[in-house]
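The values are calculated or read from the model by the stated rules, or taken from the named source; none is laboratory data. In this text the structure is predicted, and so the values were computed from the model without any measurement. Note that each Cβ is placed from the backbone with ideal geometry, even for glycine, and that neighbours are counted across all protein chains shown.
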Amino acid sequence: MGLRIAVAGAGLSGAVAGRELAEAGHRVVVYDPRPHVAGNCHTERDDATGVMVHRYGPHIFHTDDEGVWDYLRRFATFRPYRHSVRTTVRGRVYSMPLNLLTINQFFGRAMRPSEARAFVAARAEPIENPANFEEQALSLVGRELYEAFFKGYTEKQWGCAPTDLPATILARLPLRFNYDDNYFFHRFQGMPEAGYTALVERILDHPGIDVHLGTAFVPDRAGDWDHVLWTGPLDAFFGHALGPLPYRTLDFEEFRDTGDWQGCAVMNEADPDVPHTRTTEHKHFAPWESHEGTVLFRERSRACGAGDIPYYPIRLAREKALLAEYVSLAEEAGGNVTFLGRLGTYRYLDMDRTVREALDAAAALLAAWGARRSPPVFGCPPL
């Protein structure tokens, strides 16, 4: 006889873990307060233009995890997609991530790879142990490239000075000394042909799964279930008893046009006097389609307040200390709840990592129940 399992959240984490548990013979009920599945990777057809819109910001699937790639292709056809980004700086457009074309354009040179490498190294500042984001950037690319491409954008994205951010954020700066502008290094890259919402709907399409949309799971009812997978905010499960874990959220300004408005999917705005961080043109996320009209969004980042959608966990020293208190609270409570996913573990996760951790969490739960051991409190340790 299978267990009765509640899943709070119909995003990738809840859908994948729920599917695995249902396939193992358990009865799964998925709750989500939104009127659709797929969480922040929700996609929908725009009625006026036919463009597939990434309603909560663009999501590009990329991974080196062949198991995850094969798993998702059970439920959707993925079309090849090569993501490239442009950045506007002081009235000029540059290729991103920083590559040989960007460097040559910015400095008005025609350097070969070895020359550009030596040129940038000569401008890097000799900071032996960078203490923050700014020092890390200066030690890698020097002041000109840092102030043009990173400083203003970072201030807008995180709402604080780069000197207040840890150096680890920029530990692996994407800097290439060739003309490759493919934004990601991963072997497997693509877009689900019918969109991410259709993909998640297929994952949840199992006789052992019931889905209740427009219905939030109430943490106080956790005891009514054999087990609960909580993919919502960790602090929300405890009613923010220790105070809210801070996030950055995004505001979207939608506008429309005809034809091709900006010529690429993503245009970053690095200048500090431009209030938004980037403009996304969504027809370019499905280059195999053709549409006369076009749908675009300007994005602005700000502090997440009550009722806002949390996007990016901040995770500075004060926030990580509060996180540690919530982790202790969850571990002390023990019982029948496992916290999973981006919000449940207060970490930024790419989609492939989200799927991998959901698969691993489901396997760990099944193993624990089979061995009559206590199930894991977290799908992956938050700290």
### Query
Looking only at region 338-383, which residues are closer than 17 Å to His26 by Cα and in contact with a Leu (Cβ under 8 Å, 6 or more places away or on another chain)?
Thr338, Ala358, Ala361, Ala362, Leu365, Leu366, Trp369, Pro375
### Task
Please enumerate the residues belonging to region 44-82 that are part of a loop (DSSP other than H, G, I, E, B), crowded, with 16+ Cβ neighbours inside 10 Å and either modelled with pLDDT under 95 or of a type in the set (Val, Ile, Thr) (or both).
Thr49, Val51, Ile60
## Note on the structure
Per the filter on region 351-379, residues farther than 20 Å from Val200 by Cβ and either acidic (Asp, Glu) or free of Cβ contacts under 8 Å to residues at least 60 places away in the same chain (or both) are Ala364, Ala367, Ala368, Gly370, Ala371, Arg372, Arg373, Ser374, Pro376, Val377, Phe378
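Which members of region 214-237 meet the condition of being of a type in the set (A, V, I, L, M, F, W, C) and either part of a strand (DSSP E or B) or in contact with a helix residue (DSSP H, G or I) (Cβ under 6 Å, 6 or more places away or on another chain) (or both)? Before you say what the answer is, go through the steps one by one.
Quick first cut of region 214-237, residues of a type in the set (A, V, I, L, M, F, W, C) only: 216-218, 222, 225, 228-230, 234, 236-237.
Correct list: Val228, Leu229, Trp230, Leu234, Phe237.
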### Task
Would you mind telling me which numbered condition in (1) in contact (Cβ under 8 Å) with a residue 12 or more places away in the chain; (2) within 30 Å of Pro162 (Cα to Cα); (3) assigned to a loop (DSSP other than H, G, I, E, B) Asn268 fails?
(3)
### Query
Pairs, please: C-beta under 8 Å, at least 6 apart or cross-chain, first residue without any contact (Cβ under 8 Å) to a residue 60 or more places away in the chain and in region 238-262, second aromatic (Phe, Trp, Tyr)?
Glu253/Phe297; Glu254/Phe297; Phe255/Phe297
### Query
Can you tell me which of Leu213, Leu165 is surrounded by 18 or more Cβ atoms within 10 Å (Cβ to Cβ) and of a type outside the set (Gly, Ala, Ser)?
Leu165
### Query
Quick check: anything in region 255-273 of a type in the set (Phe, Trp, Tyr), crowded, with 21+ Cβ neighbours inside 10 Å and on the phi < 0 side of the Ramachandran plot?
no
### Hits in region 325-349 (condition: assigned to a loop (DSSP other than H, G, I, E, B) and at positive phi)
Gly334, Gly335, Tyr346
### Task
Considering each residue of region 350-383, count those that are in a helix (DSSP H, G or I) and of a type in the set (Val, Ile, Thr), and give that number.
2
